[in-house]
Amino acid sequence: MNKIEKILFIMIWSIGLIGCSGSVPESTQPAEKAESDQEIETLFPSELDLDAYSEGMIKSTSLWKAEKDLPLFTRDEGGRDVVSANEKINEGEEFRILFPATFPLQDADSEKVYGYLPDKQKYVLIYDQNLKASLINGAEWDGKSLIQRKQNIKLYDQIDGKNISANSEQQIFKNFDSGEQNMPWLKTNEGWMPLYDEKGPTFFSVINGIVVGNFARSTTMKEVYDRIVMMKQFDVYKGTFSWGYALANLSDSECPALLIVSGAYNKDLKIEVYGDSSNVITSQSIGSFSMEDSILYQNKDHTLLRFQNVNGQKTVTKISSQNSELKETALTQDKIAKLDFDNLKEIQFTNVYDPSGLDSLKQYIAGNLYPDFDFENHGYVNPSLKKEWLLNYDMTIREEPDRNSKKIGNLSKGEKIKISDIVEDDSESWGNLTTGGWVCLKDIQYDYADPMSSNAKDWKTAYKEILDNEANKEKYANILEYAPLWYLWQDSGFDVPVLAVKTGICEADYILKLYVYKDDSIKKIGETSASHAGFYSTENSGVFERVMGHMGTESVDRITVTANDMEEENLSSRQDVLDYYKPDGQFWEFQNVEAFE
């Protein structure tokens with residue numbers, strides 16, 4: 001079949017498709033493979049029930065059956081206990097749970113076992129003295145949830161097997177399976193234990209979390225991606241069920257991007273992309289796209305191809321990364337005809353709790369891939385660029401960072417200069433002047449300029465003292481699982497980042513306090529409520545947004561920071577909200593006080 005015949009075939013095939021399924025939106029085109037109907041059909045998914053469970057939901061969860069009506073619960077405001085959701089799973093109904101839990105957290109005398117329903121973001125009561133659910137089968141993929149064995153509960157080498165000694169009272173729950181008389185058993189990182197005995201549950205849930213620190217210069221990309229994957233495991237507590245990941249090439253870089261897939265139902269499937277940008281160091285994605293009724297393929301030109309079949313409407317979309325941003329391009333029939341279908345590789349997703357799929361990244365050093373990121377000082381730019389430099393010699397300004405480049409000016413010994421970029425090789429270091437042109441900073445014999453001292457170290461030390469003082473307050477002493485959290489707001493309009501400190505021991509108690517290091521001292525700018533709130537940077541320096549949402553009530557506020565104060569302006573308020581507003585700006589990811597260096 002020559003090229004003309006190939007194109008004609010596609011046109012005829014598409015006309016037949018349109019005749020059966022209605023008109024095609026202008027923004028997309030039907031996709032076909034120029035060999036036969038049967039071959040092109042194999043690249044598209046069959047039409048899925050969008051209200052059915054996704055592949056990841058099925059593989060990640062165990063299947064149960066309600067022997068009686070089972071009540072549902074949600075976490076209370078403090079997060080340590082549950083309250084009735086006024087819903088239930090009916091007798092005889094099947095359901096899927098991700099992990100078991102007991103409440104209140106840390107209560108060794110708990111008498112009930114709950115299961116977390118990631119599709120409903122609620123807990124179902126699966127065992128107490130009066131009712132219980134029966135396990136149909138365990139999950140295909142092992143999970144990971146921290147539990148603690150109750151006193152005198154034994155651990156076994158296998159179901160109904162021999163008693164073994166445990167290294168720790170705390171265990172990592174991985175899966176369920178059935179023993180004699182259909183008794184549910186827990187598989188842990190060290191062995192097996194029954195879900196309950198004649199006295200009640202054999203375990204209780206502890207308060208667990210994740211402390212996100214910074215990276216040393218020797219960090220590999222595997223460790224960076226491991227950190228992101230681990231953080232996505234905790235999305236389930238934030239209302240998002242991230243269940244799988246994969247690696248894919250989205251640029252000419254040797255290091256692949258990280259894809260995270262989420263969604264309990266087929267209609268909710270979404271992929272977030274990490275990598276190809278220094279944003280990955282701070283776990284910021286470069287974008288996301290829908291995977292509803294789709295199969296994703298790796299294309300040989302460092303792009304992804306999404307073959308989508310929505311209500312019989314079949315389209316092909318190219319997904320690429322340009323300037324660290326995702327771009328989606330609907331392919332025309334001509335472009336589809338030129339695709340090399342034989343070399344498309346389907347993207348397969350791996351269990352988010354299994355990091356072994358990232359082993360191939362061990363050889364990639366993050367410092368080599370992201371040279372603009374200063375690993376030692378945890379900044380995006382070499383801190384020397386933020387300092388003034390003092391010239392030790394009379395120097396020549398050149399057009400390019402090369403001694404043979406055109407001379408365009410002179411500088412005098414003792415003069416102070418500012419540098420916007422630095423280029424280095426084995427023998428020389430050149431600085432790009434903020435006023436234009438290049439000057440040699442050093443070579444193998446001389447240091448022609450030295451960075452002047454700055455207050456960069458001072459503000460970090462001062463901010464560390466603020467956090468330490470807050471952490472040592474009495475209210476944290478008796479509740480070890482709580483500690484102040486912090487975030488460095490870069491776009492504050494000041495010479496140094498503003499320190500945002502989130503204090504409190506429960507949602508109702510959370511307060512956001514802002515501090516800035518100015519004129520060699522700490523100044524408190526102000527404070528505002530952080531109850532049930534998320535904070536986002538905006539495109540305007542010195543301005544951020546707060547979204548407060550709880551039980552269907554939402555309030556969006558713009559907060560403007562000046563040298564002496566902070567002003568709040570309400571942008572919107574809504575009731576009976578199901579889908580809370582999410583600003584476009586960067587989300588403030590607060591970190592544990594121990595992570596501040």
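In the set Val273, Val310, only one residue is aliphatic (A, V, I, L, M) and open to solvent by 10 Å² or more (accessible area, probe 1.4 Å); that residue is Val310. Scanning for something touching a strand residue (DSSP E or B) at 6+ places or on another chain (Cβ under 8 Å), β-branched (Val, Ile, Thr) and open to solvent by less than 20 Å² (accessible area, probe 1.4 Å), does region 146-161 turn up at least one residue? Yes, region 146-161 contains a residue that is touching a strand residue (DSSP E or B) at 6+ places or on another chain (Cβ under 8 Å), β-branched (Val, Ile, Thr) and open to solvent by less than 20 Å² (accessible area, probe 1.4 Å). Go through region 99-116 and give me each residue that's open to solvent by less than 30 Å² (accessible area, probe 1.4 Å) and over 17 Å from Gly79 (Cβ atoms). Within region 99-116, Pro100, Val113, Gly115 meet the criteria.
Residue check: is Gly493 part of a strand (DSSP E or B) and on the phi > 0 side of the Ramachandran plot? It is false that Gly493 is part of a strand (DSSP E or B) and on the phi > 0 side of the Ramachandran plot. The single condition among (1) within 20 Å of Ala462 (Cβ to Cβ); (2) among the charged types (D, E, K, R); (3) outside any strand (DSSP E or B) that Lys523 does not satisfy is (3). A Cβ distance below 6 Å, combined with a sequence gap of six or more or placement on separate chains, defines the contacts here; from region 393-410, residues that are within 10 Å of Trp438 (Cβ to Cβ) reach residues that are among the polar types (S, T, N, Q) and in a loop (DSSP other than H, G, I, E, B) in the pairs Arg398/Ser405; Glu399/Ser405.
The set of residues from region 269-291 being in contact with an Asp or Glu (Cβ under 8 Å, 6 or more places away or on another chain) and not polar (S, T, N, Q) comprises Leu269, Ile286, Gly287, Phe289.
Against the conditions (1) within 17 Å of Glu589 (Cβ to Cβ); (2) part of a strand (DSSP E or B); (3) not basic (Lys, Arg), Met230 satisfies every one except (2). Among the residues of region 490-519, those identified as open to solvent by less than 10 Å² (accessible area, probe 1.4 Å) and among the small types (Gly, Ala, Ser) are Ser492, Ala500, Gly504.
Number of residues in region 559-597 that are part of a strand (DSSP E or B), of a type outside the set (Asp, Glu) and surrounded by 11 or more Cβ atoms within 10 Å (Cβ to Cβ) equals 10.
I'd like to know if region 83-94 contains one or more residues that are within 27 Å of Asn351 (Cβ to Cβ), modelled with pLDDT of 65 or more, part of a loop (DSSP other than H, G, I, E, B) and not hydroxyl-bearing (Ser, Thr, Tyr). Taking every residue of region 83-94 in turn, at least one turns out to be within 27 Å of Asn351 (Cβ to Cβ), modelled with pLDDT of 65 or more, part of a loop (DSSP other than H, G, I, E, B) and not hydroxyl-bearing (Ser, Thr, Tyr). Tell me, yes or no, whether region 292-304 has at least one residue that is on the phi > 0 side of the Ramachandran plot, surrounded by fewer than 18 Cβ atoms within 10 Å (Cβ to Cβ) and either in a loop (DSSP other than H, G, I, E, B) or not β-branched (Val, Ile, Thr) (or both). Within region 292-304, one or more residues are on the phi > 0 side of the Ramachandran plot, surrounded by fewer than 18 Cβ atoms within 10 Å (Cβ to Cβ) and either in a loop (DSSP other than H, G, I, E, B) or not β-branched (Val, Ile, Thr) (or both). The residues in region 162-204 that are touching a strand residue (DSSP E or B) at 6+ places or on another chain (Cβ under 7 Å) and not in a strand (DSSP E or B) can be counted, and the count is 11. Being within 20 Å of the chain's Cα centre (by Cα) and under 23 Å from Phe44 (Cβ atoms) holds for only one residue in Leu250, Leu296, and it is Leu250. The one condition from (1) of a type outside the set (Phe, Trp, Tyr); (2) more than 30 Å from Ile97 (Cβ to Cβ); (3) open to solvent by less than 20 Å² (accessible area, probe 1.4 Å); (4) at pLDDT 85 or above that Ala246 does not meet is (2).
Restricting to region 456-469, give me the number of residues that are at pLDDT below 80 and touching a strand residue (DSSP E or B) at 6+ places or on another chain (Cβ under 7 Å). Result for region 456-469: 1. Residue check: Asp142 meets all listed conditions (1) buried (at least 19 other Cβ atoms within 10 Å of the Cβ); (2) modelled with pLDDT of 95 or more; (3) not in a strand (DSSP E or B) but one, namely (1). Consider region 541-558 and keep the residues that are without any contact (Cβ under 8 Å) to a residue 40 or more places away in the chain and over 18 Å from Val577 (Cα atoms). The one that is most open to solvent (accessible area, probe 1.4 Å) is Arg558. All told, Tyr536 meets the bar of being in a strand (DSSP E or B), open to solvent by less than 30 Å² (accessible area, probe 1.4 Å), more than 18 Å from Val496 (Cβ to Cβ) and among the aromatic types (Phe, Trp, Tyr).
The values are calculated or read from the model by the stated rules, or taken from the named source; none is laboratory data. These figures come from a predicted structure and were not determined experimentally. FYI the Cβ positions are ideal-geometry reconstructions off the backbone, even for glycines, and counts take in every protein chain you see. Calculation scope for accessible area: heavy atoms of the full protein, side chains included, ligands and nucleic acids excluded. Shrake-Rupley method; radii C 1.70, N 1.55, O 1.52, S 1.80 Å.
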